[in-house]
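*Asks:* Can you read through this structure? Questions will come right after.
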Amino acid sequence: VYILEEHPRPGQYLRWAIDNNRHSLPDQFFNLIGVQQSPVHHPEGCAALHTTHVVDGMNFICQARGITGLRRNLLMLAALCHDFGKATTTKWNEQKGKWTAYGHDVAGVPMAEAFFDSHLPWLSRSSCDQVKVLVRHHMVHCHKNVVHSVKSATKLLRGLEPASYDDLLLVMEADCMGRPPLPIG
């Protein structure tokens with residue numbers, strides 16, 4: 001966790017750790033190593049590699065926008081935790097002929113909480129809740145059968161508390177940055 005705060009390229013350090021020092025990685029991240037993803041959407045490789053690029057993307061976003069302190073730390077944690085749920089939800093979808101991880105956003109919430117309990121017991125409940133909400137909703141833009149209305153937007157905004165819509169957008173942006181060599185967007 002210290003790496004997220006101090007390293008200039010924390011994702012690069014995580015990639016080094018995957019290859020050289022796996023025993024130092026938290027279980028929730030370690031469990032993403034080798035988790036398959038659709039090469040069409042994730043040419044960078046497994047879910048762990050994707051996460052390392054998302055962490056670097058969030059680091060870049062925070063530097064570029066001058067985001068520091070607690071907000072930066074929580075955004076970096078959200079980037080690290082955002083796909084923890086893929087470890088248990090990833091399956092080969094025979095009908096679609098690709099790897100899918102439906103529901104990984106919801107499944108990742110208790111995994112993020114376990115990560116906080118194990119590695120960040122000093123983190124406030126409010127801070128944990130902010131990260132968990134960002135993990136839970138980071139795929140909201142991809143959900144099908146969502147009715148776009150004032151009522152649904154209001155419900156989403158209420159459901160994001162204590163996090164903000166702006167922070168959710170930053171997590172989504174970093175998630176898009178985590179798919180090299182695909183263009184961001």
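*Asks:* Do we find that VAL133 is within 20 Å of PRO26 (Cα to Cα) and in a helix (DSSP H, G or I) in this structure?
*Replies:* On the way: within 20 Å of PRO26 (Cα to Cα): no; in a helix (DSSP H, G or I): yes.
Judged against the criteria, VAL133 is not a match.
*Asks:* Let me ask another. Pairs under 8 Å by beta carbon, first residue of a type in the set (Gly, Ala, Ser) in segment 24-46, partner open to solvent by 20 Å² or more (accessible area, probe 1.4 Å), six or more apart or different chains?
*Replies:* Between residues of segment 24-46 that are of a type in the set (Gly, Ala, Ser) and residues that are open to solvent by 20 Å² or more (accessible area, probe 1.4 Å), the close pairs are GLY34/CYS46; SER38/LYS98; SER38/TRP99.
*Asks:* I'd like the full set of residues that are without any contact (Cβ under 8 Å) to a residue 40 or more places away in the chain, acidic (Asp, Glu) and within 21 Å of HIS53 (Cβ to Cβ), limited to segment 80-112.
*Replies:* The one that is without any contact (Cβ under 8 Å) to a residue 40 or more places away in the chain, acidic (Asp, Glu) and within 21 Å of HIS53 (Cβ to Cβ): ASP105.
So that you can scan it fast, the table gives a plain yes or no per residue for (1) modelled with pLDDT of 95 or more; (2) open to solvent by 40 Å² or more (accessible area, probe 1.4 Å); (3) over 24 Å from LEU168 (Cβ atoms):
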site: LEU4; (1), (2), (3): no, no, no
site: TRP16; (1), (2), (3): no, yes, yes
site: LEU25; (1), (2), (3): no, no, yes
site: ALA79; (1), (2), (3): yes, no, no
site: HIS82; (1), (2), (3): yes, no, no
site: LYS86; (1), (2), (3): yes, no, no
site: LYS91; (1), (2), (3): yes, yes, yes
site: GLN95; (1), (2), (3): yes, yes, yes
site: ASP105; (1), (2), (3): yes, no, no
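*Asks:* Are any of the residues in segment 137-151 without any contact (Cβ under 8 Å) to a residue 24 or more places away in the chain, out of contact with any His (no Cβ under 9 Å at 6 or more places or on another chain), open to solvent by 70 Å² or more (accessible area, probe 1.4 Å) and of a type in the set (S, T, N, Q)?
*Replies:* yes
*Asks:* May I ask you to list the residues in segment 53-77 that are within 20 Å of SER118 (Cβ to Cβ) and either without any contact (Cβ under 8 Å) to a residue 40 or more places away in the chain or open to solvent by less than 40 Å² (accessible area, probe 1.4 Å) (or both)?
*Replies:* Step one: filter segment 53-77 for residues within 20 Å of SER118 (Cβ to Cβ), giving 55, 73-74, 76-77.
Within segment 53-77, VAL55, LEU74, MET76, LEU77 qualify.
The values are calculated or read from the model by the stated rules, or taken from the named source; none is laboratory data. Everything numeric here is computed off the predicted structure, so don't read it as measured data. Positions of Cβ are generated from backbone atoms using ideal geometry, with glycine treated the same way; all protein chains shown enter the neighbour counts. We work out accessible area using only protein heavy atoms, side chains counted, and drop any ligands, DNA or RNA first. Shrake-Rupley method; radii C 1.70, N 1.55, O 1.52, S 1.80 Å.
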